[in-house]
Amino acid sequence: MTEATGTALAEVMAELAGLEDPKARAVNEKHGDDHGVNLGSLRALAKRLKTQQELARELWSTGDTAARLLSLLICRPKAFGREELDTMLREARTPKVHDWLLNYVVKKNPHAEELRPAWTADQDPVVASAGWALTTERVAKRPEGLDLPGLLDIIEAEMKDAPDRLQWAMNHCLAQIGIEHPEHRARALAVGERLQVLKDYPTSPGCTSPFAPVWIAEMVRRQGSG
C-alpha cells in the first residue's frame, strides 16, 4: 500500500465514522446490515472521491460494511479477476453488500458468465443465490443458450425447501421466466401456484406481491402482452 493510499484510507474511514447515525443503524440492522451510514450520504461521498480502484480494494479489506459499500461505488468493475470476485462474494455476508457487489460490480465484469454456473451449483445457499440472480438477469436480457424448462425443473424440485435468500432468488427467476417468455408462462404460473412460496409475504400498498403468479400476471398486464 502506498503512503498516499494509506492516508486516503484513514481519511475516508474517519469521514465514514463521522457519518454514523444510530437511528440509521437500528433500521439497517433489522435487515441484517450492520452499518449506520445514510446511503444518500454514502453516494455523495463516492461521487466526490470518483473512481479509485486501489482505494476501493483497501476499503473492502477493512471488513467494515459501510467501507465495503463505498468501495463498490468507487471501484472499476472490470478490474477484478475471477478468483477475486469469488472471494469477495464469500466475504459479503450482509444483504446490502451482497446485492451491491452483484449489481454494481459482478454484472459488469467479464467473468460474470463464467461465475454464474459455478455459483449456482455452490453448496453455500448465499453463494448459490448469487448464481441464480445472474441467471435471472440472463433470462430477462440474454436468454439464448439457457435451458428454461430445465431451470423450471430445478425450481419446482428445490425452491419450496430452499433457505430464504436462495428461495427468494429462485422465485425471482421463476417470475422472470413467466414474465419474459410467454411459451413458458403457463408452467411458471403452475409451479408458483403449486409451491405457494411467498404467497403470504406482506406487501405494502402500491407494491407488487413477490408471489410468482401475482407478480407474473401484474407485469404481463403492465406490458399489455397478454
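The values are calculated or read from the model by the stated rules, or taken from the named source; none is laboratory data. As the structure is a computational prediction, the values presented were derived from the model and not from experiment. FYI the Cβ positions are ideal-geometry reconstructions off the backbone, even for glycines, and counts take in every protein chain you see. To get the accessible areas, we keep the full protein, side chains included, count just its heavy atoms, and leave off ligands, DNA and RNA. Shrake-Rupley method; radii C 1.70, N 1.55, O 1.52, S 1.80 Å.
Being surrounded by 14 or more Cβ atoms within 10 Å (Cβ to Cβ) and among the charged types (D, E, K, R) is the filter here, so list the residues in the stretch 187-217 that pass it.
If the condition is that a residue be surrounded by 14 or more Cβ atoms within 10 Å (Cβ to Cβ) and among the charged types (D, E, K, R), then R187, K199 are the ones that fit.
If you go through the stretch 144-186, how many residues are farther than 21 Å from G224 by Cα, more than 15 Å from the chain's Cα centre (by Cα) and open to solvent by 20 Å² or more (accessible area, probe 1.4 Å)?
14
Give me a count of the residues in the stretch 101-119 that are open to solvent by less than 20 Å² (accessible area, probe 1.4 Å) and either more than 12 Å from A130 (Cβ to Cβ) or of a type in the set (D, E, K, R) (or both).
Final tally of qualifying residues: 1.
Looking at the stretch 41-75 only, could you name the residues that are closer than 14 Å to Y104 by Cβ and hydroxyl-bearing (S, T, Y)?
T51, S71
Please identify the pairs in which a residue from the stretch 184-206 that is modelled with pLDDT of 95 or more has its Cβ atom under 8 Å from the Cβ atom of a residue that is acidic (D, E) and open to solvent by less than 80 Å² (accessible area, probe 1.4 Å), counting only partners at least 6 apart or on another chain.
Note: pairs meeting the criteria are V191/E156; R194/E156; L195/E156.
Pull up the stretch 9-33, narrow it to residues that are modelled with pLDDT under 90 and touching a helix residue (DSSP H, G or I) at 6+ places or on another chain (Cβ under 8 Å), then point me to the one that is most open to solvent (accessible area, probe 1.4 Å).
Restricting to residues being modelled with pLDDT under 90 and touching a helix residue (DSSP H, G or I) at 6+ places or on another chain (Cβ under 8 Å), the top hit is H31.
Within the stretch 34-77, can you find the residues that are more than 14 Å from L101 (Cα to Cα), open to solvent by less than 10 Å² (accessible area, probe 1.4 Å) and without any contact (Cβ under 8 Å) to a residue 24 or more places away in the chain?
none
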